[in-house]
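Read the structure below first, then the notes.
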Amino acid sequence: MEHIIALHQVYSELIFRGLKSVEIRKKRIFSEGDTVFLYIARGNPHVLRDTLRRLGLSEEQTLTQRGTIAGGFEVGEVMEADLETLWELTKDRSGLTFVHGDEKGKEWLSGYIVDKGYAFTIERPFLFREPVTRKEMRRKYGVHVEGIIHLSSRTRKKWVKNLIEDLVGRDAIYL
């Protein structure tokens, strides 16, 4: 199955640079072998700048552009766990510690996950040679996309099916 999710730019940058290998979600929305396409959401620009600075990079060196579907990954192992276990399993692989530090990263996770959560390993990340822009989505599919939360190929909406078909056929660079 294919999915499109929104992800803050700072985390997508970490994925495509090999520094984030786990995605955390409240619900089990992915299964092993699924393909996840990433819509790059803005997030906090200060956090992005600080993270890029720690990597020795400037904003001009980002691999992604906000407001685009820039690439994605395949889903590997799916893990379900309570907050403490999930934190121990993912803190160094989710990007939370890298971006926020140990204490703030765990604090963020505890505000996101109540009783249990899911971690999905990121396999075979890829970037599109030509990302899909909001302008292109408006032109091709007649929709104004401000931010995508979660779309999947299970939909009955024709425009989503057409968009996913377009994404599957795009030329990608596997990292």
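The values are calculated or read from the model by the stated rules, or taken from the named source; none is laboratory data. Predicted model only: the values in this text are computed from it and were never measured. Every residue, glycine as well, gets a Cβ built from its backbone with ideal geometry; the counts of neighbours run over all protein chains shown.
Odds and ends about this structure:
- Single residue of V114, V132 found to be of a type in the set (V, I, T), under 19 Å from the mean Cα position of the chain (by Cα) and outside any helix (DSSP H, G or I): V132
- Applying the criterion of being under 13 Å from F37 (Cβ atoms) and of a type in the set (A, V, I, L, M, F, W, C) to the residues of the range 150-171, the residue that is surrounded by the most Cβ atoms within 10 Å (Cβ to Cβ) is L163.
- Hits in the range 43-67 (condition: modelled with pLDDT of 95 or more and surrounded by 16 or more Cβ atoms within 10 Å (Cβ to Cβ)): L48, T51, L52, T62, L63, T64
- Residue check for K140: closer than 23 Å to R49 by Cα and of a type in the set (K, R): no
- Across the range 74-111, the qualifying residues are those that are part of a strand (DSSP E or B) and either in contact with a Leu (Cβ under 9 Å, 6 or more places away or on another chain) or not charged (D, E, K, R) (or both), and the one among them that is surrounded by the most Cβ atoms within 10 Å (Cβ to Cβ) is V75.
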